[in-house]
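Encoded as structure tokens, the structure appears first; notes follow it.
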Amino acid sequence: MGPNVDTGLISRLMAATELRAKVIASNIANQNTPGYTRQEVRFEDVLRRALAAGRRDLDGITPRIVADRSNPAGPDGNNVSLEQEMSSLRENQLRYETYATMLQSQFDLMRLAITGGN
Amino acid sequence: MSGGSSPVNGLDGMFGGLKIASSGMAAERARIDVIAENIANARTTSTPEGGPYRRKVVSFAPLLQRALDGSKTYLGVAEPRVRVDTRTPFQRIYDPGNPDGDADGMVMLPNVNTVLEMADLVTAMRAYEANASVQESFMKMAERALQLAR
């Protein structure tokens with residue numbers, strides 16, 4: 001696996017985190033919308049399973065938005081928990097920072113390879 | 001490689017996120033405005049339409065977004081609708097000095113419960129703040145994506 005494969009994977013992870021940030025934002029924006037079911041993005045776990053199974057065609061795995069009914073709904077049929085969403089938002093932001101840092105170090109390495117440190 | 005992967009696309013994604021959070025803020029603000037109107041008119045006994053003021057409520061609906069493959073997702077809140085609360089009955093009190101009272105001195109007061117409105121106001125304000133911190137989070141992510149281009 002060369003560095004290009006890695007940056008591709010990291011970029012896709014970043015794209016998935018961006019999508020998740022939007023979905024969490026939507027859950028928070030709809031915390032008072034009657035009948036709203038919280039949504040979440042599935043990507044990393046699917047990717048992890050595929051990698052564990054030794055699959056090579058990872059491009060076919062894309063982030064999916066799914067409705068999450070595991071939370072009990074309140075009297076208005078809304079199952080958004082603000083605390084849960086805020087902590088997911090923060091976790092997601094940290095993930096994004098991590099991926100960005102990983103990508104940055106890959107770019108720095110490439111630059112080093114191109115310039116030879118000059 | 002899939003889309004949305006370059007820092008530029010990433011920024012574009014952030015703008016979308018800002019819009020989602022601001023749709024939530026707009027909805028909560030509309031609710032706060034309506035609550036303020038209700039509280040201000042809690043003792044308005046005669047309106048141009050006749051009779052006491054009727055409490056207003058804001059109803060929220062999620063903003064539906066259809067993807068290219070036909071799947072549906074909700075991203076943001078739709079423009080909130082203001083409706084008149086016709087279910088809650090008016091309060092009837094004895095106030096003989098009131099010009100809007102009937103022959104028995106009974107006056108119809110609006111169907112506004114100020115305690116309920118205040119509780120709603122607190123929820124709306126908290127929700128507004130939550131959406132504001134979502135925007136802050138998007139700003140941080142966008143700044144980080146920008147740094148990659150340095």
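Annotations
- Failed criterion for B:Thr123 (all others in (1) within 19 Å of B:Arg31 (Cα to Cα); (2) hydroxyl-bearing (Ser, Thr, Tyr); (3) more than 8 Å from chain A (Cβ to nearest Cβ) hold): (3)
- For segment B:68-105, filtering for residues that are free of Cβ contacts under 8 Å to residues at least 12 places away in the same chain and either farther than 28 Å from B:Ala132 by Cβ or away from chain A (no Cβ under 14 Å) (or both) leaves 13.
- Within segment B:126-146, the set of residues being more than 7 Å from every other protein chain (Cβ to nearest Cβ), polar (S, T, N, Q) and in contact with a helix residue (DSSP H, G or I) (Cβ under 7 Å, 6 or more places away or on another chain) comprises just one member, B:Gln135.
- Subset of segment A:86-101 (residues that are surrounded by fewer than 16 Cβ atoms within 10 Å (Cβ to Cβ) and either aromatic (Phe, Trp, Tyr) or more than 8 Å from chain B (Cβ to nearest Cβ) (or both)): A:Ser87, A:Glu91, A:Leu94, A:Thr98, A:Thr101
- For segment A:72-90, the set of residues classified as more than 12 Å from A:Arg38 (Cβ to Cβ) and among the acidic types (Asp, Glu) consists of A:Asp76, A:Glu83, listed by residue number.
- Taking each residue of segment A:68-85 that is away from chain B (no Cβ under 12 Å) and looking for partners that are surrounded by fewer than 11 Cβ atoms within 10 Å (Cβ to Cβ) with beta-carbon atoms closer than 8 Å, six or more apart or interchain, yields A:Asn79/A:Arg69; A:Asn79/A:Pro72.
Table: residues versus (1) modelled with pLDDT of 95 or more; (2) surrounded by fewer than 20 Cβ atoms within 10 Å (Cβ to Cβ); (3) of a type in the set (A, V, I, L, M, F, W, C); (4) touching a Pro at 6+ places or on another chain (Cβ under 6 Å).
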{"site": "B:Leu18", "(1), (2), (3), (4)": "no, yes, yes, no"}
{"site": "B:Asp33", "(1), (2), (3), (4)": "yes, yes, no, no"}
{"site": "B:Asn38", "(1), (2), (3), (4)": "yes, no, no, no"}
{"site": "B:Thr47", "(1), (2), (3), (4)": "no, yes, no, no"}
{"site": "B:Gly50", "(1), (2), (3), (4)": "no, yes, no, no"}
{"site": "B:Ser59", "(1), (2), (3), (4)": "no, yes, no, no"}
{"site": "B:Leu64", "(1), (2), (3), (4)": "no, yes, yes, no"}
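- Those strands (runs of 3 or more DSSP E) of segment B:60-137 in which 1 or more residues are farther than 28 Å from B:Ala42 by Cβ and not basic (Lys, Arg) occupy B:62-66, B:72-77.
- Taking the criterion of being surrounded by fewer than 24 Cβ atoms within 10 Å (Cβ to Cβ), at the interface with chain B (Cβ under 9 Å from one of its Cβ atoms) and hydrophobic (A, V, I, L, M, F, W, C), no residue of segment A:29-49 qualifies.
- Among the conditions (1) under 17 Å from A:Met86 (Cβ atoms); (2) of a type outside the set (S, T, N, Q); (3) touching a helix residue (DSSP H, G or I) at 6+ places or on another chain (Cβ under 8 Å), A:Val23 misses just one, which is (3).
- Unique match (being in a helix (DSSP H, G or I), within 23 Å of B:Ser59 (Cβ to Cβ) and either within 11 Å of chain B (Cβ to nearest Cβ) or at pLDDT below 90 (or both)) among A:Ala16, A:Ala25: A:Ala25
The values are calculated or read from the model by the stated rules, or taken from the named source; none is laboratory data. All of these numbers come straight from a predicted model, not from anything done at the bench. In this analysis, Cβ positions are derived from the backbone assuming ideal geometry, glycine residues included, and neighbour counts consider all displayed protein chains.
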